[in-house]
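Trainee: Just dropping this structure here.
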Amino acid sequence: VQLQASGGGLVQAGGSLRLSCAASGSTFSINAMDWYRQAPGKQRELIATISRSGSTSYADSVKDRFTISRDNAKNTVYLQMNSLKPEDTAVYYCNAVVSRFPYHYWGQGTQVTVSS
């Protein structure tokens, strides 16, 4: 499985961005897709998940502001980010969860910077 993330950039506080993560390869093996982020000096954190069936879950820090969705025809997962805050500044990574080794595949990361 290969993942290509895109859509990051610089935005003012209160603005919006949409991240995309396009999957290719053995996409049939993907059970769920996640978005993580890692801010400078902090650990990578899981912020949103969408399962094969379409159920979603969010970290408290982004709930009600971010929305994860998927387009199965395009093998693409999106993260719509609204009401962005400076503390959302981080490198955002998409992750594919599969049922066999190596169990996780990572995209290359895309930088999101929110200015105050």
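Trainee: How many residues, within the range 76-109, are closer than 10 Å to A5 by Cβ and in contact with a Ser or Thr (Cβ under 6 Å, 6 or more places away or on another chain)?
Mentor: 1
Trainee: Pairs needed: first member in the range 60-75, over 20 Å from L3 (Cβ atoms); second member anywhere, among the aliphatic types (A, V, I, L, M) and assigned to a loop (DSSP other than H, G, I, E, B); C-beta distance under 9 Å; at least 6 residues apart or different chains.
Mentor: The qualifying pairs are R65/L84.
Trainee: Looking at the range 85-95 only, could you name the residues that are closer than 15 Å to E45 by Cα and either open to solvent by less than 90 Å² (accessible area, probe 1.4 Å) or part of a strand (DSSP E or B) (or both)?
Mentor: Matches in the range 85-95: D88, T89, A90, V91, Y92, Y93, C94, N95.
Trainee: Please go through the range 34-66 and pick out each residue that is of a type in the set (S, T, Y) and surrounded by 17 or more Cβ atoms within 10 Å (Cβ to Cβ).
Mentor: Y36, T49, Y58
Trainee: Name the single residue that is least open to solvent (accessible area, probe 1.4 Å) among those in the range 22-33 being assigned to a strand (DSSP E or B) and within 14 Å of A73 (Cβ to Cβ).
Mentor: A23
Trainee: Looking at Q80, Q108, can you tell me which residue is at pLDDT 95 or above, closer than 18 Å to G8 by Cβ, open to solvent by 50 Å² or more (accessible area, probe 1.4 Å) and under 13 Å from the mean Cα position of the chain (by Cα)?
Mentor: The match here is Q80.
The values are calculated or read from the model by the stated rules, or taken from the named source; none is laboratory data. Everything quoted here is computed from the prediction, not taken from an experiment. Cβ: placed from backbone, ideal geometry, glycine included. Neighbour counts: every protein chain shown. Note: areas computed on protein heavy atoms with side chains; ligands, DNA, RNA excluded. Shrake-Rupley method; radii C 1.70, N 1.55, O 1.52, S 1.80 Å.
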